[in-house]
Structure formats: structure tokens, C-alpha cells
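Engineer: Please find one structure pasted underneath; my questions will follow.
The values are calculated or read from the model by the stated rules, or taken from the named source; none is laboratory data. Note that the coordinates shown come from a computational prediction; the quantities given were computed from them, not determined experimentally. Backbone-built Cβ (ideal geometry, glycine too); neighbour counts: all protein chains shown.
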Amino acid sequence: MRTLKDIEIDGKRVFIRCDFNVPKDEFGNITDDRRIRSALQTIRYCIDRNCKVILASHYERPEPGKYEEKYSLKPVAKRLNTLLKIKNDFYMAEDVVGPDAKEKAAKLQGGDVLLLENLRYEAGETENDEAFAKELASFADIYVNDAFGACHRKHASIYAIAAEFDKEHKAAGFLMSKEVNFFGRVLESPIRPFVAVVGGSKVSGKLQALTRLLDKVDKVIIGGGMAFTFLKAQGYEIGNSLVEDDLLDEARAIMEKAHSLGVKFYLPVDFVVAPEFSENTAVKYIPSQEIPVGWMGLDTGPASSRLFREVLNDAQTIIWNGPMGVYEMDKFSKGSIMMSHHIAETHATTIVGGGDTADVAARAGDVDEMTFVSTGGGASLKLIEGIKLPGLEALEK
Ligand code: AMP
């Protein structure tokens with residue numbers, strides 16, 4: 001992969017596609033600025049080389065053509081400015097490719113930074129529209145893609161725009177190359193035992209990743225809502241727990257494949273169950289084969305936590321994607337928090353992927369103990385699935 005340091009950028013106009021899609025609370029405050037901090041290395045590198053830096057990102061899913069304030073990147077601009085602490089000028093455009101963005105871009109001096117408004121305010125972004133991509137490209141001499149969290153999407157600022165630059169004028173940013181190389185190295189030559197911990201709501205979203213992981217890992221731990229599809233496939237009562245009935249055969253096939261490959265496959269042995277999906281409800285701990293009719297499993301129980309700890313004990317490499325329960329509610333967060341602690345306590349190389357999973361690790365206070373916390377959930381799953389990311393493909397073309 002060609003990175004920024006392989007191309008000549010000194011003094012040039014550089015367009016950097018970032019992923020500033022950060023979580024905010026109900027007051028509009030940024031609650032986790034990891035994605036902004038992770039982009040600083042690439043941005044500073046360009047500033048230090050006297051480039052005119054144009055930054056662009058999407059933020060959530062606004063209705064195209066409607067400039068709703070809640071989707072504005074203004075809070076990101078503020079935080080970025082604070083973190084960058086540059087002596088040069090920092091501008092925020094009021095539009096994406098409109099008159100304000102163009103006027104401010106034309107004013108830039110070497111070392112200045114301009115952040116465009118939310119790319120998804122323009123319909124052309126998600127449509128991968130060529131004309132829109134050309135307008136974006138006209139801002140710069142160099143295109144840099146550092147938006148790992150978005151590079152599994154074929155959008156204009158990720159895909160179509162790259163066709164406007166030849167190989168000497170486009171490259172991956174440092175965050176992108178770090179993410180891709182890390183996953184690549186771990187999946188190609190992991191130190192064993194290699195354990196995958198997979199949770200989250202559904203089997204469907206992670207079916208391909210799970211199937212591919214079976215060829216690579218020594219053990220799999222399943223948690224979260226997806227565990228119930230596997231338990232039902234084994235014929236157990238799962239009450240009203242989340243289940244995908246159309247995937248029972250696939251679930252059986254996965255378990256059979258694991259068995260035939262000699263991959264150890266662990267499901268939760270107990271659950272925290274409740275009669276309804278609510279924080280203000282009575283809960284009980286129950287063995288996984290005794291879920292009462294009408295109740296639902298919302299977290300893995302203490303016996304599962306102890307079992308998983310044993311399973312992780314000798315691990316040398318761990319990939320973790322997906323929470324063990326409905327961790328957003330305190331009552332059902334223990335299984336996920338305990339999993340985070342157990343993973344952090346090992347001596348393994350630990351990779352955490354996915355926004356929810358990174359959030360669990362942060363709530364558990366374990367982020368510093370993990371080897372690598374990925375900024376991209378969907379993109380990291382695609383890497384595990386062995387799928388070429390459109391953003392990377394476009395850079396190589
Ligand atoms: P995913 O996006 O597939 O990684 O799923 C993350 C979501 O799964 C989180 O929002 C959790 O609340 C949810 N989840 C985890 N365990 C369960 C469960 N037992 N029942 C319902 N939802 C769950």
C-alpha cells in the first residue's frame with residue numbers, strides 16, 4: 001500500500017478524507033474523540049510540509065440537500081482545532097462544494113487547514129457521483145484516504161474521487177495503513193493459540209466473518225444476541241431471546257465446520273434473563289438450557305464469564321468484535337465488561353474492532369491495555385472476511 005510518505009506533497013494542496021463520525025450526546029458534545037485524535041498524525045504530517053490541507057468527512061445520515069444543524073461538523077471543527085494547536089489558520093466551510101468552501105479553499109496559505117461541511121449533505125456522496133467527486137477533487141493536487149472506518153463504502157469521496165488522481169498523487173494516510181497492516185499481519189501469521197470473541201446482535205451481520213475466522217483461529221467464543229441462534233440450532237429452548245430462525249441451518253453448519261476443523265467452539269453456559277427488554281425489570285441468572293418460556297436472555301452470566309476466562313487463559317492472539325449483551329443498559333453490561341477485563345488481562349496481542357466493542361472497552365477502562373483498538377467496525381469485519389475494501393482498491397487503480 002502506498003502511503004503518504006511515498007509521494008511528493010511539499011507545499012501542495014492536499015485533500016484528506018477522514019472519518020470524523022464521532023458519537024455525540026443529546027447536547028451535541030462529543031463523547032469519544034478517538035477518531036479525531038487518530039487522524040492527527042496524517043494531518044500534522046501535511047501541515048509540517050507546508051501543505052494547504054482540506055479535510056472532509058461524513059457525519060451520520062442527514063437527508064441530502066438539507067443542512068440540518070445536528071449533522072454539522074462544527075463541533076468536530078472545534079475539537080480538531082483544539083487538538084491540532086496549529087499557529088496557522090483553521091477554517092470551517094459552511095458548505096461542501098459551494099461558494100463558501102471554494103472561497104475559503106482559495107484563501108489557504110501553506111500550513112492552513114480547511115474542514116468542509118458534512119459530505120452527506122450532498123446527495124452525490126452516497127451515490128458515488130462522478131460529477132460531485134470531480135468537484136471535490138478540484139480542491140486539491142493530492143488525494144489522501146485516511147478514513148478507515150468508511151473505506152468499505154463505495155462513496156464519492158472514497159471511491160469515485162480516487163479516479164481523478166494518478167498514482168503519484170494519491171495515497172493512504174497513516175491511520176489507514178496502520179489499521180490494514182495490523183489486521184493483515186494478525187490474520188496472516190497469528191501467534192497461537194488464536195481466539196476470536198464474537199458477539200453483537202445478530203449472526204447475519206457476521207456470518208461471513210465467522211466462517212472465514214474458523215479457518216484461522218484455534219477457538220471461538222460466541223456471546224451476545226447471536227448466541228441464541230446457535231443454542232436454538234442445538235434444540236434448546238431460548239424463550240423470547242433474539243433469534244434468526246432462517247439461519248438455523250447456517251448456525252449448524254458453522255458448528256459442524258468448527259468441529260471438523262478441530263476449532264473449539266464455546267457458547268455461553270448461563271444468561272441474565274428478563275421478562276421484558278427494559279432496565280426496570282426483574283432479572284435472574286439461569287443456566288443456558290433452562291431459559292423459561294416468555295423470558296429473554298440479555299447478557300451472558302457469571303458462569304460464562306468464568307468459562308471464557310479459562311478459554312482465554314493461554315491465548316496469544318485475540319480478536320474481539322461485538323458485545324456479550326445489551327451493554328447499553330447497566331443491568332446487562334456485566335458480561336461485556338468482564339469480557340473486556342479478561343481480554344485485557346491476558347498476555348495476548350489483542351485487537352478490538354467495532355464501535356460498540358471499543359465503547360465497552362472504554363467503559364471498562366481497558367483501552368490502554370489493548371494492543372490495538374480499531375476505528376472501523378464494518379471495515380474491520382470486511383478485512384476479516386477477506387474482502388478488498390473499495391477505498392483501498394480505488395487507491396491502487
Ligand atoms: P452488532 O451491531 O451486531 O455488533 O450488535 C451490537 C448490539 O447488540 C448492541 O447494541 C447490543 O445491545 C446488542 N445485543 C447484544 N446482546 C444482545 C442480546 N442478548 N439481545 C439483544 N441485543 C443484544
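Engineer: Using beta carbons and a limit of 7 Å, which pairs, at least six apart or on different chains, have the first residue in segment 188-201 and without any contact (Cβ under 8 Å) to a residue 12 or more places away in the chain and the second one within 16 Å of the ligand (Cβ to nearest atom) and among the acidic types (D, E)?
Structural biologist: From residues that are without any contact (Cβ under 8 Å) to a residue 12 or more places away in the chain, there are no pairs.
Listed here are the residues, each with its yes/no results for (1) out of contact with any helix residue (DSSP H, G or I) (no Cβ under 9 Å at 6 or more places or on another chain); (2) crowded, with 23+ Cβ neighbours inside 10 Å; (3) within 22 Å of D356 (Cβ to Cβ).
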site: F271; (1), (2), (3): no, yes, yes
site: P275; (1), (2), (3): yes, no, no
site: E279; (1), (2), (3): no, no, yes
site: I286; (1), (2), (3): yes, no, no
site: I291; (1), (2), (3): no, no, no
site: A315; (1), (2), (3): no, yes, yes
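Engineer: Kindly evaluate E237 against the criterion of being of a type in the set (D, E), modelled with pLDDT of 95 or more and within 27 Å of the chain's Cα centre (by Cα). Steps first, please.
Structural biologist: Values: of a type in the set (D, E): yes; modelled with pLDDT of 95 or more: yes; within 27 Å of the chain's Cα centre (by Cα): no.
Considered against the rule, which asks whether it is of a type in the set (D, E), modelled with pLDDT of 95 or more and within 27 Å of the chain's Cα centre (by Cα), E237 comes out as no.
Engineer: Within segment 354-372, does at least one residue satisfy the condition of being at pLDDT 95 or above, of a type in the set (D, E, K, R) and within 14 Å of the ligand (Cβ to nearest atom)?
Structural biologist: no
Engineer: Then there is this: Which numbered condition in (1) of a type in the set (G, A, S); (2) within 24 Å of D314 (Cα to Cα); (3) surrounded by 20 or more Cβ atoms within 10 Å (Cβ to Cβ) is the only one that G391 fails?
Structural biologist: Tallying (1) of a type in the set (G, A, S); (2) within 24 Å of D314 (Cα to Cα); (3) surrounded by 20 or more Cβ atoms within 10 Å (Cβ to Cβ), G391 fails exactly one: (2).
Engineer: Counting only residues that are within 13 Å of the ligand (Cβ to nearest atom) and over 16 Å from V272 (Cβ atoms), how many does segment 233-257 have?
Structural biologist: 2
Engineer: Filter segment 126-142 down to the residues that are touching an Asp or Glu at 6+ places or on another chain (Cβ under 9 Å), closer than 17 Å to E168 by Cα and crowded, with 18+ Cβ neighbours inside 10 Å and list them by number.
Structural biologist: A137, I142 - these are the residues of segment 126-142 that are touching an Asp or Glu at 6+ places or on another chain (Cβ under 9 Å), closer than 17 Å to E168 by Cα and crowded, with 18+ Cβ neighbours inside 10 Å.
Engineer: While we're looking at this one, here's another question. I'd like the full set of residues that are closer than 20 Å to K178 by Cβ and outside any helix (DSSP H, G or I), limited to segment 35-55.
Structural biologist: R49, V53, L55
Engineer: Mind telling me which of the residues V217, V195 ends up being assigned by TED's automatic domain parsing to the domain that holds A274, away from the ligand (no atom under 16 Å from the Cβ) and under 23 Å from F148 (Cβ atoms)?
Structural biologist: Among V217, V195, only V217 is assigned by TED's automatic domain parsing to the domain that holds A274, away from the ligand (no atom under 16 Å from the Cβ) and under 23 Å from F148 (Cβ atoms).
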